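Below is one structure; the comments refer to it alone.
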Amino acid sequence: MFKHKGKKRTHLHNLRLASILSFTAGIVNITGVIAVKVLTTNVTGHFAFFADGLVSKNYTLAILSLLFILFFLLGSFISNFMVEITAAKYPAVSYTLPLITEIILLTLTAFKDTFAVSHSINNNVIACVLLFTMGMQNALVTKVSQSVVRTTHLTGLFTDLGIELSQLFFYRKAGEVRTLLKSIYLKFAIIFFFFSGCIIGGFLFTLYALKTLLLASACVVIALFYDNIIYRLHYIKRRIQSA
């Protein structure tokens, strides 16, 4: 899922990556909205709140919104920094460190009551941590897929989807149509799994509160070990067939 890069990377690799991590982002998104009333998978709305805080002289809101934006940016920066550092010596596992960091942060946030100090402070810390993890995830996925897949927000995705759907009326060559349909299918998959993550995460939150993030963490674990799992299954299958 992560190991294949450049020309070795196929539409199927991107589809698998998009499905599982869009689902993860959907869970994180709805958890952040319900738990702390903050959008944690994109920063577009936070720019509006930042401007509103400045105009209305609500500087607490402005500073907090700016902080949310910076934590998403910091997550993206740290993610790519980790990849670049490890890629020089260990290119095959350069993606591992950001994913492990995301798993740890999501798991710790799921058990945040254990570390509770102040309710209001905790809410802002939770929002910053979730924005940081989604910044990490989005940067990693964007880099691995060469900007083909983005899993944490849908605005640009819907724009691209609208463009590509309109192109179906003008593209006539079989090869062009095939490529276009693959791209459209990928975008629908991202939307479906993000939406599914939001719905399932919302229902789970009513039962488990922040521990819903454990499902998001488990999804990242699956993504991390997916290639090894598939390889092992193929190996077992060959052993059975040869026997």
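The values are calculated or read from the model by the stated rules, or taken from the named source; none is laboratory data. Computed from a predicted structure; not experimentally measured. When we count neighbours, we look across all protein chains shown, and the Cβ atoms used for this are built from the backbone with ideal geometry, even at glycine.
Below, the figures for the structure above:
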quantity	calculated
Evaluation of residue 117 against (1) assigned to a helix (DSSP H, G or I); (2) exposed (fewer than 14 other Cβ atoms within 10 Å of the Cβ); (3) modelled with pLDDT under 90 (one fails), failing number	(1)
In segment 120-136, the residues that are among the hydroxyl-bearing types (Ser, Thr, Tyr) and at pLDDT 90 or above	133
Residue satisfying condition, being more than 16 Å from the chain's Cα centre (by Cα) and not hydroxyl-bearing (Ser, Thr, Tyr), within set 17, 54, 39	54
Residue in segment 37-47 that is of a type in the set (A, V, I, L, M, F, W, C), part of a helix (DSSP H, G or I) and either touching a residue at least 40 places away in the same chain (Cβ under 8 Å) or closer than 25 Å to residue 204 by Cβ (or both) present	no
Criterion (farther than 15 Å from residue 24 by Cβ and touching a Cys at 6+ places or on another chain (Cβ under 6 Å)) met by exactly one of 71, 77, 111, 81	71
Residue among 184, 163 that is free of Cβ contacts under 8 Å to residues at least 60 places away in the same chain, closer than 30 Å to residue 227 by Cα and assigned to a helix (DSSP H, G or I)	184
